[in-house]
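Below is one structure, written out as structure tokens; comments come after it.
Throughout, read-outs are computed from the coordinates displayed, never taken from laboratory work. Note that the structure is a prediction, hence the values are computed from the model and not measured. Methodologically, a virtual Cβ is constructed for each residue, glycine included, from the backbone with ideal geometry; neighbour enumeration extends over all protein chains shown.
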Amino acid sequence: MNHCYPFINTPLKYDYNALEPFIDEKTMHLHHDKHLQTYIDNLNSTLKSVPLLQTFTLDKLLTNYCKLPNPLNTSIKNNAGGVFNHLFFFNGMQNPQNTSISDYLMKKITKQFDSFDEFKNQFKNAALSVFGSGYAWLVIDRKMLKITTTPNQDTPLIKGQIPILNIDVWEHAYYLKHYNVRAAYIDDWFNVINWTKIEKRLLLFTKEK
Ligand code: MN3
């Protein structure tokens with residue numbers, strides 16, 4: 001992904017079938033090549049006639065859209081959000097053979113949530129609680145790890161939260177394999193989290209190691 005307009009869809013950092021058997025190849029093709037592409041196309045088409053915003057990064061668009069007039073603000077929120085959220089989601093996953101969590105990250109999580117199982121439990125419940133479409137997130141909020149959710153393509157950036165991990169719970173993320181059973185998809189997704197990447201995101205905002 002380039003940093004500003006015109007945005008382009010870069011390849012996944014892993015093969016489409018790399019997340020099997022937890023997330024299927026066909027879903028990854030559709031999700032990356034069709035769903036994400038549509039958000040990119042719509043964002044570019046929105047920015048085409050607004051030169052002032054063409055040098056803005058996704059982060060900058062997503063923390064400033066509320067200053068813009070209607071309906072530009074809504075289009076930026078939805079489409080820049082759709083691009084940001086999908087890239088963040090795709091980049092937070094990897095082949096299930098490679099996933100392991102470092103002592104450092106485990107300590108951070110257990111310090112905040114008492115145990116890793118309790119973290120998983122709370123995160124899953126948050127993801128299940130999203131009514132309709134949206135995301136569950138692990139964020140840094142006032143220097144604390146916190147689980148939160150956003151509807152549609154909203155991002156935590158607008159609330160000043162720093163995202164660390166997200167799961168897309170729009171039905172298109174799981175319907176082909178898990179049908180309507182979001183809980184089974186969430187359980188499977190826990191097997192493909194790229195904890196190395198998640199730790200890197202966390203370290204960017206914390207001084208200690
Ligand atoms: Mn999606």
Residue-wise, which Karplus ³J(HN,Hα) couplings in Hz belong to region 107-122, taking 6.51 cos²θ - 1.76 cosθ + 1.60, θ = phi - 60°, and x for glycine or proline?
4, 4, 5, 6, 5, 7, 10, 6, 8, 5, 4, 5, 4, 4, 4, 5
Using the Karplus curve 6.51 cos²θ - 1.76 cosθ + 1.60 with θ = phi - 60°, what ³J(HN,Hα) values do you get for each residue of region 147-162, in whole Hz, with x for Gly and Pro?
9, 8, 10, 9, x, 6, 10, 5, 10, x, 4, 5, 8, x, 8, 9
Rounded to a whole number, the Stokes-Einstein D of the chain in µm²/s (Kirkwood radius over Cα pairs; 25 °C; 0.890 mPa s) is 139 µm²/s
Over the Cα atoms, compute the radius of gyration (one decimal) and Dmax (the largest Cα-Cα distance, rounded to a whole number) for region 1-123, in Å.
17.7, 50
Restricting to lysine pairs 8 or more places apart or on different chains, what number in region 12-107 have Cα atoms under 27 Å apart?
13
Could you tell me the convex hull volume per residue, in Å³, taken over the Cα atoms of region 79-158?
110 Å³
Quick one: if you stick a label point 7 Å off each Cα along the C-beta vector at Glu20 and Lys159, how many nm between them?
3.8 nm
Quick one: which residues, 5 or more positions from Met93 or on another chain, have an amide H under 5 Å from its amide H? H modelled 1.01 Å from N in the peptide plane, none for Pro or chain starts.
Asn194
Per the rule of 0.36 nm per residue minus the C-alpha distance, extending Lys143 to Thr99 adds in nm 13.3 nm
